[in-house]
Amino acid sequence: MLEALQQELSALERFVALLQQEQDALVAGNVDALLALSQDKLGKAEQLNALGKQRVTRLQQAGYSGDSAGMSAWLDDKPAIQQQTWERLLELAREAQRLNQTNGKLIQTHLQHNQQALNTLLGAANQAGTYGADGQARAAMPGTSRTIGKV
């Protein structure tokens, strides 16, 4: 089981590094990097899920519950290296959760800014003037619903 824990820890370390790269790209506004990272992130998340399921299955096969209490009970008589590996895995899982929440907030902020910019552009487009039959610019009149080409 130590090998499986170390494999899960290694996968989680790569996932945390990817979340940090995602955060860097969000802060920099690097959309191209975000697109490339999203596929990698999905693959690593799927790998972590599979490794977690394997760990739960192994615990259950050994007669323990598949939750943290079962893991703690299993670790009771194991060498310190296994306990340390598990504690590091839990620490990294908390770090991944924190990074993911921060990245979600950054994404939300970017979406809000984009929506504000879009609203500004749409407002400016609605205020744009039209041209009269004489070819002269005419300001759009607030409250009118006439469109270009309608009399």
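Data overview
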read-out: Residue that is within 22 Å of Phe15 (Cα to Cα) and among the hydrophobic types (A, V, I, L, M, F, W, C), where the choices are Ala36, Ala124, Ala62, Ala69; value: Ala36
read-out: The range 1-26: number of residues that are over 16 Å from Leu37 (Cα atoms) and either of a type outside the set (Asp, Glu) or free of Cβ contacts under 8 Å to residues at least 60 places away in the same chain (or both); value: 9
read-out: Unique match (being of a type in the set (Val, Ile, Thr), closer than 22 Å to His110 by Cβ and either out of contact with any Leu (no Cβ under 9 Å at 6 or more places or on another chain) or surrounded by 12 or more Cβ atoms within 10 Å (Cβ to Cβ) (or both)) among Val56, Val31; value: Val31
read-out: Selection count where residues are surrounded by 14 or more Cβ atoms within 10 Å (Cβ to Cβ) and of a type outside the set (Asp, Glu), scope the range 34-47; value: 6
read-out: Boolean, Asn49 is modelled with pLDDT under 95, more than 14 Å from the chain's Cα centre (by Cα) and polar (S, T, N, Q); value: no
read-out: Scan of the range 12-28 for residues that are of a type in the set (Asp, Glu) and under 19 Å from Thr109 (Cβ atoms), ordered by number; value: Glu22, Asp24
read-out: Subset tally (residues that are at negative phi and outside any helix (DSSP H, G or I)) for the range 2-36; value: 1
read-out: Some residue of the range 76-91 being at pLDDT 95 or above, within 30 Å of His110 (Cβ to Cβ), under 25 Å from the mean Cα position of the chain (by Cα) and surrounded by fewer than 18 Cβ atoms within 10 Å (Cβ to Cβ); value: yes
read-out: Index of the failed condition, Gly66 passing every other in (1) assigned to a helix (DSSP H, G or I); (2) in contact with a helix residue (DSSP H, G or I) (Cβ under 6 Å, 6 or more places away or on another chain); value: (1)
read-out: Selected residue (criterion: surrounded by the fewest Cβ atoms within 10 Å (Cβ to Cβ)) from residues of the range 92-129 that are part of a helix (DSSP H, G or I), among the small types (Gly, Ala, Ser) and touching a residue at least 12 places away in the same chain (Cβ under 8 Å); value: Ala93
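So that you can scan it fast, the table gives a plain yes or no per residue for (1) of a type in the set (Gly, Ala, Ser); (2) touching a Ser or Thr at 6+ places or on another chain (Cβ under 7 Å):
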{"residue": "Arg14", "(1), (2)": "no, no"}
{"residue": "Gln23", "(1), (2)": "no, yes"}
{"residue": "Asn30", "(1), (2)": "no, no"}
{"residue": "Ser38", "(1), (2)": "yes, no"}
{"residue": "Gly63", "(1), (2)": "yes, no"}
{"residue": "Asp67", "(1), (2)": "no, no"}
{"residue": "Asp76", "(1), (2)": "no, no"}
{"residue": "Ile81", "(1), (2)": "no, no"}
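The values are calculated or read from the model by the stated rules, or taken from the named source; none is laboratory data. Quick caveat, the model's predicted, so the values are computed rather than measured. Virtual Cβ from ideal backbone geometry, glycine too; neighbours counted across all protein chains shown.
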